[in-house]
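Have a look at the structure below before the remarks.
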Amino acid sequence: MKKILFLLFLPLYSLAQTAGSYIQEGNSKANAKDYKGAIQDFTRAIELNNQNAEVFYYRANAYGNIKDYKAAINDYTQALALKPELANGYLYKANAEAAVQDYQAAIVDFDKAIARGPKTADMFHYRGNAKSNMGDNVGAIADFTTALQFTPNDAELYKYRGLAKNNNNDFIGAIADYSLAIKLSPNSVEVYQYRAGSKASLNDYNGAIADYTKTLSLNPNNAEAYFYRANTRAKLNDNKGAIEDYKKAAAINPNLKNLLLYMANAQSNTGDTNTALDYFNKAIAQSPQNANLYMSRGVIKSGKKDNQGALDDFNKTIELDPKNGEAYQSRSFAKLALGDNEGAKDDAQSAIDINPNSISAYISLSKAKMAMKDTVGVIADLTKAISLNSKSDEAYLARGDAYRDLGVPVAAINDYTKAIAVNPVYTYAFLNRAIEKTKLSDHAGAVKDLEKLISIAPQQQNGYARLGKINNFYKYTNNGIQLFSAAIALNPANVNFYLYRGEAKAAIGDTKGAMADYNAGVLKAPKNITLLLKRALAKADAEDNSGAITDLSSALKIDSLSDSTALVWQARGFVKAKLKNYKGALADLDRAVSIYSNDETFLIRGDVKMAIKDYAGAADDFHNAAYMNDTSIKAYSRGAIAKSYLGDAQGVKDDFTAAFKIAPSNPDLYIDRAIAKINLKDPNGAVLDCNTAIGLDPKNSRAYLQRGLAKLALSDKTEGCADINKALSMGSKEAPDLISKYCK
């Protein structure tokens with residue numbers, strides 16, 4: 001942060017004796033601070049005797065005190081011409097020259113004052129100020145250091161030396177001097193502000209914020225401190241805090257340079273592009289010739305897909321600043337979005353011609369080449385950009401996008417990861433990496449990336465929307481309810497957010513809460529098939545099967561043909577099966593299979609066929625389910641049971657062999673095999689399998705139930721009924737009917 005140093009003026013100095021009455025009267029008036037009256041008396045004295053150096057000197061002092069520095073300089077010059085040994089004349093003349101910003105002349109006169117002596121702290125102090133204003137920071141530091149030898153407890157000298165060190169990029173040294181100044185003068189508002197600037201230059205943003213806060217505690221009306229603290233907060237991605245500070249700065253001084261520009265950028269960073277555009281519009285109204293404002297507004301419009309509006313702003317930027325390479329590069333993107341690929345390529349090349357080391361320009365050129373199907377050129381341009389700066393997050397992102405468009409997700413993810421390593425808060429990299437991970441079925445990784453994106457930019461709705469679209473997202477996060485509550489607060493009109501929060505609630509068993517969200521969504525969008533489906537499934541879980549049928553039937557009235565309705569037909573078939581309407585269930589499941597089938601569709605239809613004793617049909621459906629998902633142990637075990645009813649012992653053996661390869665220690669598989677063995681007249685084998693299941697899970701009521709049936713098949717009613725009663729005590733819903741049938 002560059003600081004301008006202003007010189008301090010010494011008080012009027014008057015000699016004890018004068019040659020005449022006018023000089024005496026002039027000095028009396030000067031001592032009474034009637035400087036204009038004094039000047040009149042000194043002028044009369046000069047008219048009577050223009051060879052008196054002292055009277056020119058006195059009048060120069062009086063001119064200095066009314067800030068007529070040019071007149072003062074003329075009189076000091078005249079006095080010194082008459083009396084060159086007048087040492088203070090050089091000092092005061094130098095001060096006056098510094099006041100009119102003639103620092104070079106001031107330094108010459110400070111040199112003369114110091115050479116004539118006696119030397120004082122002020123001489124070196126003020127010469128140091130002049131050197132600072134000339135940009136001679138090294139010389140200024142030397143003068144301030146010398147001045148401190150005369151007055152080592154002068155807080156002002158430490159402050160000015162700190163400024164000179166700061167301007168010489170010695171931020172650590174500057175902070176040390178500011179700290180000494182604060183120790184000597186703890187309530188110096190500006191020193192805290194200066195130290196904050198040096199800390200920010202060292203990326204100590206938290207330390208800088210602490211100093212700006214101290215500045216504001218000493219002077220709550222310091223608009224500049226609010227402005228700089230806002231800038232620092234923006235560096236920490238605390239855009240909300242930055243916006244609050246910008247607003248406070250504007251309330252105090254709405255004319256601060258670039259205030260509206262920075263406020264607009266902060267609003268944009270929160271995702272509130274509409275407010276950002278409003279601020280840019282106001283800024284442009286204030287400064288219609290500021291090319292940077294059009295440039296920034298064009299970037300916002302581009303992000304909002306207003307490509308023509310963006311193009312217009314970039315055109316205006318180039319009109320005002322024809323050598324603005326960034327404007328050509330950005331206009332290249334706008335032209336590309338509007339389908340002008342050749343124009344985009346030309347603008348990108350123009351940007352490179354202006355700045356051959358522009359990474360962004362190479363990125364723009366690569367985008368244009370991608371649109372023109374020059375894939376080799378694309379990767380070459382982006383690799384060139386990375387060679388220019390291996391720490392360019394933007395270049396890695398763009399090359400990742402190129403690999404994405406070329407259908408190479410692993411390479412894309414690798415580049416997105418490099419972009420994030422460079423910039424850990426790069427929202428686009430997290431978003432794009434999540435999308436590519438989803439393509440590779442890395443749902444856990446995708447969810448993690450989207451959660452990070454949302455934590456960085458909670459105002460961007462795209463992150464929430466992408467998260468909800470990931471299949472079974474709630475399996476990979478414990479924050480689903482919290483995240484979509486935030487999304488709903490952000491946009492209560494988005495019905496999908498209610499759907500996603502409902503799914504998250506359902507996943508933790510909060511059926512009532514899920515139903516409330518589905519109801520809210522359906523109320524806003526009564527024809528949303530997905531919401532109707534989810535609400536129906538929630539109703540079915542709550543045993544409101546008729547309500548579920550109503551919702552599913554309503555959904556099918558809206559759409560009964562598209563691929564997405566297959567799940568609706570499947571769900572209605574499942575609910576009808578629960579109601580033992582097997583004929584209706586089969587009809588719905590057949591329809592689902594004809595539209596778009598998955599392994600679950602065949603599993604449900606297989607269970608329905610089992611219920612109506614169509615074991616051959618059931619075996620076929622379970623076989624299809626296993627074919628579609630060869631890791632489904634249910635498909636193999638249910639298929640084996642169906643085959644056991646058909647007496648197909650080899651088929652039973654084959655299916656269970658496949659199932660046990662997947663889950664060798666699954667107790668339910670042993671129980672299912674026991675059922676099949678009972679059907680195949682092998683009750684002893686069934687007992688052994690149930691024993692194994694109980695060994696694996698002693699609290700499994702199904703194991704006791706099936707062992708009881710196996711023992712009954714062995715005519716061991718006592719032991720058989722004991723096992724069935726054991727199952728009853730463990731909560732088996734099937735046990736009461738079996739006890740009534742076999743154990744009276």
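The values are calculated or read from the model by the stated rules, or taken from the named source; none is laboratory data. Please read these numbers as outputs of a predicted model, since none were measured by experiment. Note that each Cβ is placed from the backbone with ideal geometry, even for glycine, and that neighbours are counted across all protein chains shown. Accessible surface is based on the protein model in full, side chains and every heavy atom, while ligands, DNA and RNA are left aside. Shrake-Rupley method; radii C 1.70, N 1.55, O 1.52, S 1.80 Å.
For region 575-580, the Karplus equation 6.51 cos²θ - 1.76 cosθ + 1.60, evaluated at θ = phi - 60°, returns couplings of 5, 4, 5, 4, 8, 6 Hz by residue, with Gly and Pro reported as x.
Backbone geometry of region 233-243 corresponds, through the Karplus equation with coefficients 6.51, -1.76 and 1.60 at θ = phi - 60°, to 3J(HN,Hα) couplings of 4, 4, 4, 8, 6, 8, 5, 4, x, 4, 4 Hz, x marking Gly and Pro. Rg and Dmax of region 52-118, both derived from C-alpha coordinates alone, stand at 10.6, 29 Å.
Solvent-accessible area of the chain (1.4 angstrom probe, protein heavy atoms only): carbon and sulfur portion equals 49 percent.
With an a/c value of 1.5 or above and a/b not larger than b/c for the gyration tensor axes a ≥ b ≥ c computed over the alpha-carbon atoms, region 159-215 is described as oblate.
In the calculated pair-distance distribution of region 499-552, the portion above 15 angstrom amounts to 35 percent of the Cα-Cα pairs. Let's test the formula: R0 of 45 Å, r as the Cβ-Cβ distance of Ser546 and Ala663. What FRET efficiency results, to the nearest 0.05? Here the calculated transfer efficiency is 0.80.
Across the options Gly695, Ile456, Leu705, the greatest Cα extent toward the positive end of the charge dipole of the chain (unit charges at beta carbon of Lys, Arg, Asp, Glu) belongs to Leu705. More than 23 Å apart: what percent of Cα pairs in region 642-744 qualify? Roughly 23 percent, rounded to a whole number.
Each peptide among 44-53, 354-363, 644-653 gets the average number of other Cβ atoms lying within 10 Å of its residues, and from highest to lowest they stand as 354-363, 644-653, 44-53. When you count the other C-beta atoms within 10 angstrom of each residue and take the mean per peptide, 283-290, 126-133, 84-91 line up highest first as 126-133, 84-91, 283-290. Semi-axes of the equivalent ellipsoid for region 461-605, computed as √(5λ) from the eigenvalues of its C-alpha gyration tensor and ordered from largest down, come to 27, 15, 14 Å.
Taken along the Cα-to-beta-carbon direction at a fixed 7 Å, the label points for Ala210 and Lys512 span 4.9 nm. Computed extension gain for Gln104 through Lys119, at 0.36 nm per residue and net of the alpha carbon distance, reaches 3.4 nm.
Using θ = phi - 60° in the Karplus curve 6.51 cos²θ - 1.76 cosθ + 1.60, the 3J(HN,Hα) couplings for region 372-377 round to 8, 6, 8, 5, 5, x Hz; x is entered for Gly and Pro.
Within region 582-688, the proportion of Cα pairs with more than 22 Å between them is 28 percent. Projecting label points 7 angstrom from Cα along Cα→Cβ for Met134 and Gln459 puts them 4.8 nm apart. Which residues among region 556-573 fall inside the zone where the amide N is under 17 Å from a point 7 Å beyond the Cα of Asn598, along Cα→Cβ? Answer for this model: 562-573. If you bin all the Cα-Cα distances of region 132-240 at 10 Å, starting from zero, the percentages per bin are 17, 43, 31, 8, 1. Counting only the backbone N, which residues of region 222-244 are under 15 Å from the spot 7 Å out from the Cα of Asp278 toward its beta-carbon? Under 15 Å, as judged by backbone N against the label point of Asp278, lie 243-244 of region 222-244.
The Cα-based radius of gyration and maximum Cα-Cα distance (Dmax) for the chain are 42.2, 147 Å. Between Ser390 and Lys744, the FRET efficiency from the beta-carbon distance, with R0 = 56 Å, is close to 0.10. In terms of the mean number of neighbouring beta-carbon atoms within 10 Å, the peptides 533-539, 382-388 order highest first as 533-539, 382-388. Computed from the Cα positions only, the extents of region 52-186 along the three principal axes stand at 51, 26, 25 Å, in decreasing order.
Our estimate of slack between Ser715 and Val408, defined as 0.36 nm per intervening residue step minus the Cα-Cα distance, is 104.0 nm. Rounded to the nearest 0.05, the FRET efficiency derived from the C-beta distance between Ala421 and Gln149 at R0 = 45 Å is 0.35.
Based on the Stokes-Einstein relation at 10 °C and a viscosity of 1.306 mPa s, and on the Kirkwood radius from alpha carbon pairs, region 273-339 is assigned a translational diffusion coefficient of 138 µm²/s. Extent along the principal axes, Cα only, for region 285-427: 47, 32, 28 Å, with the longest axis given first. Using only the C-alpha atoms, the convex hull of region 85-159 corresponds to 75 Å³ per residue. Shape class for region 192-281, computed from the alpha carbon gyration tensor (a ≥ b ≥ c): oblate, with a/c not under 1.5 and a/b at or below b/c.
Take the Cα of Thr43, step 7 Å toward its Cβ, do the same at Leu523, and the gap between the two points is 8.5 nm. Across every pair of non-identical alpha carbons in region 209-254, the mean reciprocal distance, once inverted, gives a Kirkwood radius of 10.0 Å.
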